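The values are calculated or read from the model by the stated rules, or taken from the named source; none is laboratory data. This one's a predicted model, so the numbers in the text were calculated from it and none came from an experiment. Cβ placement follows ideal geometry from the backbone for every residue including glycine, while neighbour counts extend to all protein chains displayed. In case anyone asks, the SASA skips ligands and DNA or RNA and just uses the protein heavy atoms, side chains included. Shrake-Rupley method; radii C 1.70, N 1.55, O 1.52, S 1.80 Å.
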Amino acid sequence: MQVHILGCSAGIGAPRRTTCIQINDDLLIDAGTGAGELTHEQIIAIDAVLLTHAHLDHAGSLPLLADAAAGFRPGPLTVHALPETIAALTGHMFNNQLWPDYTRHPSPESPWLRFAPVAVGDSFSLKGKQVTVLPVKHSVPACGYAVDGGSGSFVFSGDTTLHPPFWQALQQLPRLRYLMIETTFRSAQREQALRSGHMTPALLAEGLAWLGQPVTVLISHLEPGHEAGVLADIEQALGAGTAQRLVRGMRFAV
């Protein structure tokens, strides 16, 4: 299973791109501005998206992805998401005002985009991989995903603050190798992070202590302009070399 980081920042401003992770040639996790790194041919090859939540830094490129491949792909782009996320996107994005309703266009029988509801705790096969939907705690309904390609599993938290059920779910995963987790704020911003549903280095350290097993920690969703401070806090909270900052363009195999 090949993982390619197309975007992993909490905001834009070159070279930053917001969250979008490519798995092999045909699957994305989230559809932030990082999706713009794909060529047209690569966009056509993507036929499924695992969406963590509806915020624009994670879902804003979804209409453009569906549009770019319209008429080139034999079937619809299938977007797996929580029912609340689907409701937000159909009500406020694919509503024939902000963007055409591609779930019914060019026809309800053969649309360019299809939503597939998921629920926390679900486990299903997708593109030859096993996907598990993980509980997280954010300011809007959200989830994380574990993807197991057979030789190991990779977890992406999406946006979350410290949430014991998330770490308990990780304990049940076989072959957990990589944990890609957001760390948006500095440790001194604990209350702000808890209110807004985000992580700090100190909160991350608490979660990893609950996990109690070795895993490669990959840090995403750093706040633009505050990256150096957050990374310094991560080193203080976790120890030097314990976690690795993700950067756009990074690739690794699971």
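Assorted remarks:
- Length gained when the stretch Val140-Asp26 is fully extended (0.36 nm per residue, less Cα-Cα span): 38.3 nm
- Among Thr33, His198, Val230 - extreme Cα towards positive end, dipole of the chain, charges at beta-carbon: Val230
- Bridges between two residues of the range 1-119, per DSSP, are antiparallel at a rate of about 40%.
- Tilt relative to the chain, helix 83-92 - C-alpha long axis, 0 to 90 degrees, to 10: 60
- Anisotropy class of the range 41-153 from Cα gyration tensor, a/c 1.5 cut: oblate
- The chain shape via C-alpha gyration tensor axes, a/c threshold 1.5: prolate
- Carbon plus sulfur fraction of accessible area for the chain, probe 1.4 Å, in percent: 52
- Ranking of Glu182, Glu109, Glu235, Glu223 by solvent-accessible surface, largest first: Glu109, Glu235, Glu223, Glu182 (1.4 Å probe, protein heavy atoms only, all chains present).
- Assigned charges on the beta-carbon of Lys, Arg, Asp, Glu; the chain dipole about Cα centre (debye): 260
- With a Förster radius of 30 Å applied to the beta-carbon distance between Arg73 and Ala240, the computed FRET efficiency rounds to 0.05.
- Taking all protein chains together and a 1.4 Å probe, the residues Met199, Met1 rank Met1, Met199 from largest to smallest accessible area.
- Per residue, the solvent-accessible area of the range 119-254 (1.4 Å probe, heavy atoms of protein chains only, all protein chains present) comes to 42 Å².
- If the convex hull is drawn through the Cα atoms of the range 1-84, its volume per residue in Å³: 89
- Table column - 3J(HN,Hα) (Hz), the range 186-193, Karplus curve with 6.51, -1.76, 1.60, x for Gly and Pro: 6, 4, 5, 9, 3, 5, 4, 5
- Modelled FRET efficiency - R0 35 Å, Gln97 with Ser196, Cβ distances, 0.05 increments: 0.80
- Rounded if a/c under 1.5, otherwise prolate or oblate - the range 65-131, Cα gyration tensor axes: oblate
- Percentage relative contact order, the chain, counting C-alpha pairs under 8 Å, at least six apart: 18
- The range 144-244: trypsin sites (Lys or Arg not before Pro) in DSSP coil with no more than 14 other Cβ atoms inside 10 Å: Arg175
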